[in-house]
Structure formats: C-alpha cells, structure tokens
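The values are calculated or read from the model by the stated rules, or taken from the named source; none is laboratory data. These figures come from a predicted structure and were not determined experimentally. Cβ: placed from backbone, ideal geometry, glycine included. Neighbour counts: every protein chain shown. Please note that ligands, DNA and RNA were not included when accessible areas were found on the heavy atoms of the full protein model with its side chains. Shrake-Rupley method; radii C 1.70, N 1.55, O 1.52, S 1.80 Å.
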Amino acid sequence: MEVYFEQSVDNPGIDKHSKRTRVLTILRYVCVAIVLIIFMFGWFMPIGSEEDAGPMVILWALLYIVLGMAPFILLFIFLGRFIARSSLEFDYVLNGSIFRIVKVVNRKKRKKMLEAPVAGFESLGNIQSEAYDRYASSKDIKKLFAITDYENEERIYYIYYVADGVRYLLHFTPNNDMIMALRKCVTRITVLDKSFKTYEVKEVEE
C-alpha cells in the first residue's frame, strides 16, 4: 500500500508584513511609470534636423535613455524578487515513491520546485546532527531551501539525495505526520539518520 501525505508550510510573515508588501508593489508600478516617461522623453527629444543629427548625437540620446532607465529597471527586478522571497510558502507532497515540493508565491502562484524519487534518498535527519555537517561542508552539493522559518533549527531537517548525477541537500520543515510517512516510505533503514528516527517535532503553539 502506497503512502500519500501532504503538508502545507505557512508563512506568518505574509500577513504580518502585508502593508509593506503593498507599498513595495506600488513602488514597482512607479518604476514602470518612470521607465516609460524616460523612454518617451528620450524618444521624442529634439535633436535637430536629420543632417545635424550625426551618429554621436544619436548615440548620446540612446545612452541617456539606457542610463536613465537602468536604475529603475534594476529596482523593479530587485523589489519583485524580494516580494517573492518574503511571501513564499510550500506544499510537501509524498506520493508513494515520489517526494514533491510545490512553491507557493503570495498564496496565488504555484510552481513545482522539485520532484525526487524516495529511492534516491541517501540520508535524512535533523540539521543539528553530525551527519548534516559533513554534507553541508561539501562544495559539490547543491543546497535547496523549502522553509519559511530559519530561526528554529530544531524544526529544520535535511534530505541528501542524488538525481541525474547531481548531489542535492534539501532543507525542509516536516511535521510529525510527514516524518512518520517518510519513515514508512524509506525502505533502507540505513538512510535514516539517528535524529530522524528518534526526534519528534515540537509543534509551535498558536
């Protein structure tokens, strides 16, 4: 019988910083408006007749447009990434032999972050274990983070696995039910770090 379990990882910061998010979103629209104004002003900027408008004049006009827009374009991109990172939530889905994580942005946009076979798991445990330090210190391992709370290390677990020849170290925050489900799906007992076998997540009281 295959095990199926889902866990949603909420981000309390979305509600806590909702006002800040709205302000930053408005700033992004302001950046777009400024870029359009600079472009239109530069495009229709008088440069004299076609005979007077030599290559250097045209080059300076283009340079004015590019340099004027660049800071606001970069700010637009930076704000967008900041908003996305600060409003991330995750869905962990264990479906038999497949473990999937879906990234949820601002409780609207959903995008699959990863999908890995449980058979490819090499080690599972808490990041406070000695085994984690060995994996984390390796420069050849790609680190993935699917967590919303970076402060409470007792709740952060890792999965070290290999997929398509690439070594990954996934950080996530499973609850007790997800831990039990993973224990049932991982057939090789040696894969489970001691901390994963014995530790129970201390649920945060509301």
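Residue by residue, here is whether (1) part of a helix (DSSP H, G or I); (2) open to solvent by less than 10 Å² (accessible area, probe 1.4 Å); (3) under 19 Å from Val162 (Cβ atoms) holds:
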site: Gly80; (1), (2), (3): yes, no, no
site: Ala84; (1), (2), (3): yes, no, no
site: Glu89; (1), (2), (3): no, no, no
site: Arg110; (1), (2), (3): no, no, no
site: Glu122; (1), (2), (3): no, no, yes
site: Tyr132; (1), (2), (3): yes, no, yes
site: Lys139; (1), (2), (3): no, no, yes
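What is the residue count in segment 174-206 for residues that are modelled with pLDDT of 70 or more and assigned to a loop (DSSP other than H, G, I, E, B)? Summing the residues that are modelled with pLDDT of 70 or more and assigned to a loop (DSSP other than H, G, I, E, B) in segment 174-206 gives 5.
What are the residues in segment 141-172 that are aromatic (Phe, Trp, Tyr), under 22 Å from Pro117 (Cα atoms) and open to solvent by 50 Å² or more (accessible area, probe 1.4 Å), if any? So that I can check it myself, show each step before the final result.
At the first step, the residues of segment 141-172 found to be aromatic (Phe, Trp, Tyr) are 145, 150, 157-158, 160-161, 168, 172.
Now restrict to residues that are under 22 Å from Pro117 (Cα atoms): 145, 157-158, 160-161, 168, 172.
Of everything in segment 141-172, just one residue is aromatic (Phe, Trp, Tyr), under 22 Å from Pro117 (Cα atoms) and open to solvent by 50 Å² or more (accessible area, probe 1.4 Å), namely Phe145.
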